[in-house]
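Before any comments, here is the structure.
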Amino acid sequence: MYKYMIALIAAVTMLTACNNDKADENGGESVQTTDENQTQTENEEQKQPSQTDTQTSPKHEKWSYLPEYDKIIEQIGNEDYTFNKETDNDGKRVFLIELNGEKQYKTVFVKNTNRLKIIKINGGGEVYDEILK
């Protein structure tokens with residue numbers, strides 16, 4: 001019985017020591033996944049600016065995580081728009097999008113159906129009305 005306990009403790013100690021060596025090889029960064037190549041790739045991507053990041057305006061960064069953001073930018077263009085959240089509840093999210101202080105677009109995203117509507121305010125009417133995938 002004691003031999004099994006000692007063997008178990010020795011095995012755990014050795015595994016722990018081996019795990020710490022990998023963290024030191026990565027400059028002190030701890031490795032959270034078992035796939036070392038994937039972790040190194042993720043670290044390199046974080047250090048290097050992505051080519052697609054140039055499409056996101058600094059004003060839009062706090063909204064770029066939204067599911068409808070990419071489709072909105074695709075439809076209206078990536079100018080220096082200002083996104084003003086009008087409504088964001090369990091059912092829908094509504095934005096008023098301004099350019100140079102003038103309201104240009106209104107977007108309505110229905111959350112339970114993933115339907116996005118984009119409406120041009122100054123006489124353009126409905127620009128987009130589809131369900132996002």
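Since every read-out is calculated from the coordinates, none of them should be taken as a lab result. A quick note: this is a predicted structure, and the numbers were derived from the prediction, not measured. Note that each Cβ is placed from the backbone with ideal geometry, even for glycine, and that neighbours are counted across all protein chains shown.
Quick notes
- Virtual spin-label span in nm between Ala7 and Glu102, 7 Å along Cα→Cβ: 8.1
- Net lengthening on full extension, Arg115/Thr16 (0.36 nm per residue, minus Cα-Cα): 30.7 nm
- In nm, spacing of pseudo-spin labels at Tyr65 and Asn122 (7 Å Cα→C-beta vector): 3.3
- Cleavage-rule hits, GluC sites (Glu not before Pro), the range 71-103, DSSP coil, Cβ neighbours within 10 Å at most 16: Glu79
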